[in-house]
């Protein structure tokens, strides 16, 4: 069974180009056309890794045609407010393989979208990135039933706020290969709306 922390670290490296889009609300708004172009470039690079990379989770690379996505939609970039918790706490997360793994909570992150206020648990992983696992009303339909993830760079946090770009939501490796085991979003991280952004099945 693959080591989870190593898997998450690898995915972060694959989507490193995505992190240039994360920033605070006070940062200059990026031109939508340029944003879309850069995001599509990063997606092509991820497709290339999935098709040719030695550590790719894709078993049949010969027939792999690329990952499907929702259309890029800048309105799915929302400002999250972080309510931090005392460091050093522990939280047991259930894994897809049936076991549990210990994570350190970073805090609760809340945002408003479509007139609804959403609050989710936010964790910090061994690579120092903020880890946001979530499920939404697309889970099990248009997206992986076990949920999707977003990685946030804590350097982009300002005044306890950070941008969450759901266009960067990605599936864990276990969505593509049953030999991997991945964390399941906690029950508190079910978003009561359809997040029509990011990776699709």
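The values are calculated or read from the model by the stated rules, or taken from the named source; none is laboratory data. Being a predicted model, the structure only gives us computed values, none of them experimental. All Cβ positions, even for glycine, are placed from backbone atoms using ideal geometry, and neighbour counts span all protein chains on display.
Just a few scattered comments:
- Filter result for residue 46 (in contact with a helix residue (DSSP H, G or I) (Cβ under 9 Å, 6 or more places away or on another chain), in contact (Cβ under 8 Å) with a residue 12 or more places away in the chain and either surrounded by fewer than 15 Cβ atoms within 10 Å (Cβ to Cβ) or assigned to a helix (DSSP H, G or I) (or both)): yes
- Residues in region 174-193 that are surrounded by 15 or more Cβ atoms within 10 Å (Cβ to Cβ) and in a helix (DSSP H, G or I): 174, 175, 189.
- Test for residue 88: is it at pLDDT below 95, at positive phi and surrounded by fewer than 19 Cβ atoms within 10 Å (Cβ to Cβ): yes
- Any hit, region 19-41, residues being surrounded by 18 or more Cβ atoms within 10 Å (Cβ to Cβ), part of a helix (DSSP H, G or I), modelled with pLDDT under 95 and in contact with a strand residue (DSSP E or B) (Cβ under 8 Å, 6 or more places away or on another chain): yes
- Check on residue 97, under 19 Å from residue 158 (Cβ atoms), at pLDDT below 95 and in contact with a helix residue (DSSP H, G or I) (Cβ under 9 Å, 6 or more places away or on another chain): no
- Checklist (1) at pLDDT 90 or above; (2) over 23 Å from residue 136 (Cβ atoms); (3) in a helix (DSSP H, G or I); (4) under 19 Å from the mean Cα position of the chain (by Cα) applied to residue 10, failing item: (1)
- Qualifying residue in region 66-76 (condition: touching a residue at least 12 places away in the same chain (Cβ under 8 Å), in a strand (DSSP E or B) and over 19 Å from residue 138 (Cα atoms)): no
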